[in-house]
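Accompanying notes for the structure given below.
The values are calculated or read from the model by the stated rules, or taken from the named source; none is laboratory data. Note that this is a predicted model, so its numbers are computed, not measured. We place every Cβ from the backbone using ideal geometry, glycine too, and count neighbours over all the protein chains shown. Side chains included, ligands, DNA and RNA excluded: accessible areas come from the protein's heavy atoms. Shrake-Rupley method; radii C 1.70, N 1.55, O 1.52, S 1.80 Å.
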Amino acid sequence: ASPLPVLAGIGHEVDFTLADMTADARAATPTHAAQMLWPARGELERRLRSLAADLNRIGALSLARREERLERLERDLAWRSPQRSLAAWGERLRAALRLLDAALRRNLERSENRLRSLAAAVARAPDRLPPRQAALDALDGRLRRFGLQFPSQAENRLERLALRLEALDPRAPLERGYALARKTDGTFVRSPAMVQADELLRLTVRDGDIPVRVRREKP
């Protein structure tokens, strides 16, 4: 019934004693008992070096796995980043503006070519000047109306694209009082099942972050 381990090391006895039978371990002699209780220093050092090597190996392996997971998360974050989405929309907007500018230039060049052609035709046939002049005036009126309408249409389209770009801004809802809840590792909280009581969270609002603590779970 002893709460402490019992080691029997009577020794030099031919008979097997009751103490030997009830002990947790039995040594042949007292010297052998001392060796069992206090291993050799060299053996302890060997075991310590072995344990230290195992600990270093396990630590290095764990660190390598965490670094690999962190790199993978960084790549995923860069790919799904709101900045990347905004940059893509910005590039699309710039491409659309370039196309609009090129289209305007082509239309203006075609109109100028038609005007020059009509002017040359009028010069070659002065007797038919009134009809040519009327056509020239009509074309000039159309060109002027186009020159007034096209920038307005381009501006309207640009405004629509800007509104779509603003709608995709992930921080736009924060201006209306919403908040983003994140865990300490940066994971966004999408469900009460993702948090536990007494867990630390960080709320991102319009102009900064607020650290909070979960009082209780409530599905």
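If you take the residues in segment 9-26 that are open to solvent by 100 Å² or more (accessible area, probe 1.4 Å) and without any contact (Cβ under 8 Å) to a residue 12 or more places away in the chain, which one is nearest to residue 37 (Cα to Cα)?
Out of the qualifying residues, it is 21.
Any residue in segment 45-64 that is under 20 Å from residue 185 (Cβ atoms) and charged (D, E, K, R)?
No: segment 45-64 contains no residue that is under 20 Å from residue 185 (Cβ atoms) and charged (D, E, K, R).
Working only within segment 3-44, note down all residues that are aliphatic (A, V, I, L, M) and assigned to a loop (DSSP other than H, G, I, E, B). I'd like the intermediate steps shown before the answer.
Step one: of segment 3-44, the residues aliphatic (A, V, I, L, M) are 4, 6-8, 10, 14, 18-19, 21, 23, 25, 27-28, 33-34, 36-37, 40, 44.
The answer is 4, 6, 10, 14, 23, 27, 28, 40.
With the requirement that a residue be of a type in the set (D, E, K, R) and over 8 Å from the mean Cα position of the chain (by Cα), what does segment 73-95 give you? Even if it seems obvious, please write down each step before you answer.
Step one: list which residues in segment 73-95 are of a type in the set (D, E, K, R), which gives 74-76, 80, 84, 91-92, 94.
Those that are of a type in the set (D, E, K, R) and over 8 Å from the mean Cα position of the chain (by Cα): 84, 91, 92, 94.
Any idea how many residues of segment 77-102 are open to solvent by 70 Å² or more (accessible area, probe 1.4 Å) and more than 30 Å from residue 153 (Cβ to Cβ)?
So the count comes out to 5.
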